[in-house]
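See below for the structure under consideration.
Values in this text are rule-based calculations from the coordinates and carry no lab data. These numbers come from a predicted model, not from an experiment. Ideal geometry is used to build each Cβ from the backbone, glycine not excepted, and the neighbour counts take in all protein chains shown.
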Amino acid sequence: MTSDSRRSRSTDIGPPPLDWDQLDCRAQFDYIKVWYSHKAFLPAMTGSKKWNKLTQRQTGYSFTLQDPIRQDIEILVKHLKNPILAAIQLRVDLKPKLTVPESTREALLVDTFNAMAGRFRPEDVALWGYGTRGAVNGTGQTPRPFHRRFPRDDEFLVYGQRGDRAQSTAYLKRTNEGALVDPAEHCVRMELTLWRQGLMEVGLNALSELLGFPYQRAFRKHFRIVSNPRVRAVKSRSATVLRKLEQKMWRGWATAGVGKFAISPDLPDDTLNMNVRRILARSKQQLPSSDFVLTSDRLSTEKIGSAFKQLGRRLKV
């Protein structure tokens with residue numbers, strides 16, 4: 001099978017491709033959180049802000065600022081004496097271009113989410129393993145695996161556990177804190193949240209380090225989009241074996257996209273809990289990384305990388 005026929009077949013039987021001709025891509029901070037010894041008076045800033053007292057075991061406060069821009073970060077660095085970062089959340093929004101007719105925007109967003117649901121796979125290139133991987137979390141629901149189905153457009157893809165090193169999510173954003181959002185603001189959103197240990201592992205410690213940080217190099221891999229699977233090249237395999245592996249691969253791709261493929265054996269087990277029986281059962285239902293490779297989508301990598309470059313420019317002092 002030629003590479004061209006593989007690409008054609010992958011879009012025919014698996015998740016749809018992202019239509020980048022109709023989509024804008026923007027990366028920005030959703031929020032930043034810092035630690036400080038006490039509540040302090042701060043000048044006006046663009047985003048909403050909130051002080052919270054730390055737990056009984058800790059002294060001081062956390063300060064959270066939504067949608068920060070460079071000037072906001074500079075104010076905090078000055079008035080809070082360059083505080084320690086406690087957490088950040090980055091987002092990448094895929095939104096219909098202004099030229100897309102209003103009548104087709106919703107259909108484009110649903111198609112974009114369907115593409116994302118089958119192609120969003122950050123964990124193979126993370127510095128750590130995600131505790132909850134390949135979970136779908138509908139509002140008010142317990143996370144469920146999606147290795148035997150594609151997520152619906154009212155569900156959330158969740159990679160990682162809240163409060164751990166990192167958590168990546170992807171969803172079709174139609175609401176904000178329970179309130180409906182103007183349809184013109186609907187988008188497909190990918191988020192990466194890093195808590196203290198995750199921040200340290202990517203080289204972030206104090207707030208000022210966000211100004212001039214290499215966002216593209218550090219974070220693009222956490223927003224990885226897969227183009228298609230391929231059989232891992234092994235010279236000793238016969239044509240018959242390769243043909244059977246390809247058939248199995250395309251059946252899995254059509255069933256659940258990236259969710260059907262197991263992670264690298266170098267990372268922790270793919271599970272939603274620590275029940276060994278369930279871990280083994282799910283592992284048997286996925287296609288092993290020893291036989292298959294998920295190929296990153298070149299155009300998506302370029303678009304998302306460019307969005308992070310622009311974020312870096314906006315935050316450069």
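Once all Cα-Cα distances of the stretch 208-263 are split into 10 Å bins that start at 0, what whole-number percent is in each one?
The distribution over the stretch 208-263 is 18, 33, 22, 16, 8, 2, given as percents.
Determine ³J(HN,Hα), in whole Hz, for all residues of the stretch 212-221 in sequence, where each value follows from phi through the Karplus function 6.51 cos²θ - 1.76 cosθ + 1.60 and θ = phi - 60°; x replaces Gly and Pro.
Computed from phi, the couplings for the stretch 212-221 are x, 6, x, 4, 4, 5, 7, 10, 4, 5 Hz.
Rank by packing, highest mean first: peptides 78-86, 49-57, with packing defined as the count of other Cβ atoms within 10 Å averaged across residues. Provide the component values of the computation, followed by the final result.
Values: 78-86: 15.8, 49-57: 10.4.
Descending packing order for the listed peptides: 78-86, 49-57.
Checking the a/c ratio against 1.5 first, then a/b against b/c, what shape does the Cα gyration tensor give for the stretch 138-206?
In terms of gyration-tensor shape, oblate.
Explain nothing, just compute: Karplus ³J(HN,Hα) = 6.51 cos²θ - 1.76 cosθ + 1.60, θ = phi - 60°, for every residue of the stretch 108-119 in order, whole Hz, x for Gly and Pro.
Those phi angles translate into 5, 5, 5, 4, 5, 5, 4, 5, 5, 4, x, 10 Hz.
Amide H of residue 262: which non-local residues (sequence gap of 5 or more, or other chain) have their own amide H closer than 5 Å, using H built in the peptide plane?
287, 289
Highest mean first, what order results for 253-262, 168-177 on Cβ atoms within 10 Å?
Per-residue mean Cβ counts within 10 Å order the peptides as 253-262, 168-177.
Does the stretch 15-93 come out rounded, prolate or oblate, given a ≥ b ≥ c as the square roots of the eigenvalues of its C-alpha gyration tensor, rounded meaning a/c under 1.5 and, failing that, prolate meaning a/b above b/c?
Since a/c reaches 1.5 and a/b is larger than b/c, the shape of the stretch 15-93 is classed as prolate.
Report the full-extension gain for the segment residue 70 to residue 38: residue separation times 0.36 nm, less the Cα-Cα distance, to one decimal in nm. Spell out each step's value before the answer.
Working: separation 32, 0.36 × 32 = 11.52 nm, distance 2.32 nm.
Contour length minus the Cα-Cα distance gives 9.2 nm.
PRE reach from residue 316 (point 7 Å along Cα→Cβ): which of the stretch 74-113 fall under 19 Å by backbone N?
What the label zone holds, given the 19 Å backbone N cut-off, is 74.
Students often get this wrong, so check it: of 33/303; 50/309; 244/303, which have C-alpha atoms separated by over 31 Å?
244/303
Treat each spin label as a single point 7 Å out from the Cα along the C-beta direction, and report the residue 285 to residue 235 distance in nm.
Spacing of the two 7 Å Cα→Cβ label points: 3.9 nm.
For residue 46, put the label point 7 Å out on the Cα→Cβ axis and report which residues of the stretch 298-314 keep their amide N under 11 Å from it.
314
Please work out how much length the chain gains when fully extended from residue 176 to residue 218, using 0.36 nm per residue of separation minus the C-alpha to C-alpha distance, in nm with one decimal.
Roughly 12.4 nm would be gained on extension.
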